[in-house]
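The values are calculated or read from the model by the stated rules, or taken from the named source; none is laboratory data. Note that the coordinates shown come from a computational prediction; the quantities given were computed from them, not determined experimentally. Cβ: placed from backbone, ideal geometry, glycine included. Neighbour counts: every protein chain shown.
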Amino acid sequence: MEARETRVTVGTVHASLPEEVLPIWYKLVEERDEFVRLNARQKWVAQFHAKRGERCSIRPFTAEYILACFRTTICLESRNQNFPEKETNALFAPLLRPLITEKLGLQSGGMAKRPESEELKRTAYHEAGHAVLAIILPFMEEIASVTIVPAGEYRGTVRWQTSCYSAAPRTRAEKRTWAEAQIAMFLAGEMAAIVGSGFSDGGPEDKDHTHARQLAETVYEDWSVRVKFLELCQARAEALIREHWKKVDALAIALLRRKTLTGKQVKMVIARVH
């Protein structure tokens, strides 16, 4: 019995993919769509700073960087599914660059390492974005502390009194609202970092985006519906960061001064903002 194949088209490029590797293709498309949202976010941030009379320089993700993300996804998924990695890479190779250029116009070149002071500022705004939304959104646990002191692979951390998942709803009616709030909180970190520091080295492969995708999977099985749900959550995160920017800014400044704040101190900083 012959293996069934599905024909996919990206721009002017056509390819036939065995049905067993289609889940990998859907993941790649989902990642590409997240990069599209990042570009839209960059435009929003530029407008945000322009209205305040400030300069803003945000460097786009390069084609090489996105290709590396795609290849990592193919590698990991191939191993998870016990597919021959070399053959799977060969199947997707003609589609990867067209997948990028179809909706994204990106320059070539790598990302330069930024000064430590800029990294610290980015981390402060990133964690402040998480913390502010954790306070104003439903289904969140009490914050124990927020720090920008590096620990292992993390440049900063919001720590909870208990697991941030322990407040998960027990009824089906609450599940979508809970997931939407959690995803908005996870995605708010990068948005705040971009607005506050002018750059972000995150992306669809980072832990916040991974958590967001995993939460979306608990609500919707269909990947195309999940993408729309993630877009809705991203829009909510952007709107809340815009609405509560003074709180995010004040908390980031406090973190840069003290490096670590308790949950009580976080609430005190936010309460002083009018």
- Message: All but one of (1) loosely packed, with under 14 Cβ neighbours inside 10 Å; (2) modelled with pLDDT under 70 hold for PRO138; state the number of the condition that does not hold.
- Response: (2)
- Does VAL45 satisfy the criteria of being assigned to a helix (DSSP H, G or I) and at pLDDT below 70? yes
- Message: Here is a check on your reading of the model: is LEU120 farther than 17 Å from HIS244 by Cβ, at pLDDT 85 or above and of a type in the set (A, V, I, L, M, F, W, C)?
- Response: yes
- Message: Can you pull out every residue in segment 225-274 that is over 17 Å from ASP208 (Cβ atoms), among the charged types (D, E, K, R) and crowded, with 19+ Cβ neighbours inside 10 Å?
- Response: LYS247
- Output the number of the condition that VAL195 fails; it satisfies all remaining conditions of (1) in contact with a Lys or Arg (Cβ under 9 Å, 6 or more places away or on another chain); (2) under 21 Å from PRO138 (Cβ atoms). (2)
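Residue by residue, here is whether (1) over 30 Å from ARG242 (Cβ atoms); (2) touching a Leu at 6+ places or on another chain (Cβ under 8 Å); (3) at pLDDT 80 or above; (4) part of a loop (DSSP other than H, G, I, E, B) holds:
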position: VAL21; (1), (2), (3), (4): yes, yes, yes, no
position: GLU64; (1), (2), (3), (4): yes, no, no, no
position: ALA90; (1), (2), (3), (4): yes, no, yes, no
position: LEU96; (1), (2), (3), (4): yes, yes, yes, no
position: MET111; (1), (2), (3), (4): no, no, no, yes
- Taking segment 66-88 as the search range and keeping residues that are within 24 Å of the chain's Cα centre (by Cα) and of a type in the set (Val, Ile, Thr), which one is modelled with the lowest pLDDT? ILE66
